[in-house]
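Visitor: Structure in structure tokens, see below.
Quick note: the coordinates plus some simple rules give every number you see, no bench work behind them. The structure presented is a predicted model; accordingly, all values stated were derived computationally and were not measured. Neighbour counts are summed over all protein chains in view; Cβ atoms, including those assigned to glycine, are modelled from backbone coordinates with ideal geometry.
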Amino acid sequence: MSCLHKYWLKEFCKFFFIIQLLILVLFVFIDYLSRMERFLNSDISLLGALGYVLLKIPFMFVQLTPASILLATITVFGLMNRNNELLAIKSSGISIYFLIKPAILVGVILAISMFFLGETIIPISMARSNYIKYNVIKKRHNIFSARKDIWIKSENRLVHINFFDPAQKSVAGITVATVDKNFSLESRIDAEKGFFKQGKWVFENIIEQTHDKDSMEYDVKSFDKKTVTLAINPEDLGEISKKSEEMSYFELKKYVSKVEYEGYDATTYKVDLNGKIAFPFICIIMVLTGAATGMRSFAKENIPLAIAIGVVIAFMYWVTYGFCLSLGYGTVLPPIISAWAANLVFLCFGVLYLANTE
């Protein structure tokens, strides 16, 4: 490795960790204070609440890394531009692409690090964080989720949901059992699937069993559709259902196979599965875009403007990435295309932007 590459890596690491640290500290400060009222109204101590916020740092580190890479790259190349170091390098007959090599190396290393964190620390920390959120802070003791199945105890009803699709806000494999004061079964509803419309659940393909106290037998009826009132909504189910960030790539892949084997639509989880690989790849794109921005002539005179442009680019990526994922959740795009579409667009933009800089 040349001295020039070592110099660039040293400067990049310095600015990257400063930017990342500032953003994470700001996140902890805002997240902790914004939830203070909820913490005080729950059984958790203020120290335990701080621990709850800190559990989300590995996840936020991964989410913020692409933006930090972009800003750090712009800052390093912008300062080299201002100090005429880039001019000296070009005058020596060295192409700017020579300086891109350590940037791409950093992008690859951080992309691998993001994937590694997503496979090891993040599933554990987010599972623990969500447990504290729903069982200690929100006190949802009447709802229990075991990977896929959801159990709900509501007054004299026991509800079992076999599968919940957070994107479509639909449920499948539903059983609603109603008991009397003596814990005898009054009725049971079995439905193939259900949707939440206008504040109520609409179940389809229903078999309802009602206990007749006189004959001591069960009257069985079937319905194509029926509206059922339950003291729970899709937002509640979304909060306690197993989330993709709580599973590693291979665990999520196994889960998708299991859901499909049981006959349910796993589109939402397929999109998230592809996203676990696609998202870290953005690190490479961000260093290319950051390098092109920092080398521009305007960055030599106005580094804050270059940084502002970097923030806009990062924001545009987040909007595009989220929009493409939503198209995947809605089955408008295939899962693999929805996860990689934003990367493809910004990769083309980064390469053309850098080529035009040269």
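Visitor: Which lysines have a Cα less than 22 Å from the Cα of Lys153, not counting those fewer than 8 places away in the same chain?
Guide: Counting by Cα, and skipping residues close in sequence, Lys153 has these lysines nearby: Lys133, Lys138, Lys139, Lys169, Lys181, Lys193, Lys197, Lys200, Lys226, Lys242, Lys243.
Visitor: Evaluate the distance, in nm, between pseudo-label points positioned 7 Å from the Cα of Asp224 and of Leu105 along their respective Cα→Cβ axes.
Guide: Calculated label separation equals 6.8 nm.
Visitor: Here is a follow-up. Evaluate the distance, in nm, between pseudo-label points positioned 7 Å from the Cα of Asn84 and of Cys348 along their respective Cα→Cβ axes.
Guide: 4.0 nm
Visitor: Next question, about the same structure. Under a point-charge model restricted to the Cβ atoms of Lys and Arg (+1) and Asp and Glu (-1), what is the dipole moment magnitude of the stretch 149-240 relative to its Cα centre, in debye to the nearest 20?
Guide: The calculated dipole for the stretch 149-240 is roughly 240 debye.
Visitor: Under 5 Å between amide hydrogens, which residues at least 5 positions from Phe163 or on another chain qualify, with H placed 1.01 Å from N in the peptide plane?
Guide: Those lying under 5 Å, H to H, from Phe163 are Ala172.
Visitor: Can you find, among Ile57, Thr267, Leu237, the residue sitting farthest towards the positive end of the charge dipole of the chain, where Lys and Arg contribute +1 and Asp and Glu -1 at Cβ?
Guide: Ile57
Visitor: What fraction, in whole percent, of alpha-carbon pairs in the stretch 149-240 exceed 18 Å separation?
Guide: Of the Cα pairs, 44 percent sit more than 18 Å apart.
Visitor: Could you point to the label whose value was computed as log10 I(q)/I(0) by the Debye sum over Cα atoms at q = 0.07, 0.10 Å⁻¹ for the structure here, given [x] -0.43, -0.75; [y] -0.35, -0.68; [z] -0.26, -0.55?
Guide: Given [x] -0.43, -0.75; [y] -0.35, -0.68; [z] -0.26, -0.55, the structure-derived one carries the label [x].
Visitor: Now for a separate question. Just to check I understand the Karplus step: with θ = phi - 60° and J = 6.51 cos²θ - 1.76 cosθ + 1.60, what whole-Hz values come out for the stretch 159-170, glycine and proline as x?
Guide: Working through the residues one at a time gives 10, 10, 10, 7, 8, 10, 9, x, 6, 8, 6, 10 Hz.
Visitor: Roughly how big is the chain's charge dipole about its Cα centre, with Cβ charges of +1 (Lys, Arg) and -1 (Asp, Glu), in debye to the nearest 20?
Guide: The dipole of the chain has a size of about 1140 debye.
Visitor: Out of residues 5 or more away from Tyr218 or on other chains, whose amide H comes under 5 Å of its own, with H placed 1.01 Å from N in the peptide plane?
Guide: Asp212
Visitor: So for Leu55, Leu50, fewest C-beta neighbours within 10 Å to most, what's the order?
Guide: Listed from fewest to most nearby Cβ atoms, that is Leu50, Leu55.
Visitor: Relative contact order for the chain using alpha-carbon pairs under 8 Å, separation at least 6, rounded to a whole percent?
Guide: Value for the chain: 19 percent.
Visitor: Could I ask something else about it? Using R₀ = 41 Å, calculate the FRET efficiency as 1/(1 + (r/R₀)^6) where r is the Cβ-Cβ separation of Phe17 and Leu158; round to 0.05. Don't jump to the answer; show the numbers that get you there.
Guide: Working: r = 51 Å, r/R0 = 1.25.
Plugging the Cβ-Cβ distance into 1/(1 + (r/R0)^6) gives 0.20.
Visitor: Can I ask one more? Based solely on its DSSP helices, what 222 nm [θ] is calculated for the chain when runs of n ≥ 4 H residues each add -39,500 (n - 2.57) and the sum is averaged over all residues, nearest 500 deg cm²/dmol?
Guide: That comes out to -19500 deg cm²/dmol.
Visitor: Considering only Gly290, Gly173, Gly310, give the residue with the highest GNM mean-square fluctuation for the chain, with springs between Cα atoms whenever their separation is below 10 Å.
Guide: Taking springs between Cα atoms under 10 Å, the residue moving most is Gly173.
Visitor: Normalised by the empirical 2.2 N^0.38 Å for globular proteins, what value does the Cα Rg of the stretch 204-283 take?
Guide: 1.70
Visitor: For Ile207 and Ser113, compute 0.36 nm times the residue count separating them, minus their Cα-Cα distance, and round to one decimal in nm.
Guide: Going from the current span to full extension adds 28.8 nm.
Visitor: In whole angstrom, note down how far apart the Cα centers of the stretch 25-98 and the stretch 227-288 are.
Guide: 26 Å
Visitor: Further, regarding this structure: FRET efficiency for Ser91 and Leu327, Cβ-Cβ distance as r, R0 = 45 Å, nearest 0.05?
Guide: 0.40
Visitor: Calculate, for Lys254 and Asn135, the FRET efficiency according to 1/(1 + (r/R0)^6) with r their C-beta to C-beta distance and R0 25 Å; round to the nearest 0.05. Please list the in-between numbers first.
Guide: Values: r = 26 Å, r/R0 = 1.03.
Efficiency, from the Cβ-Cβ distance: 0.45.
Visitor: What distance in nm lies between label points placed 7 Å from Cα along the C-beta direction at Ile30 and Trp151?
Guide: Result: 4.0 nm between the two label points.
Visitor: Rounded to the nearest 10 degrees, what's the angle between the helix 267-278 long axis and the longest principal axis of the chain, both from Cα atoms, 0 to 90?
Guide: 20 degrees
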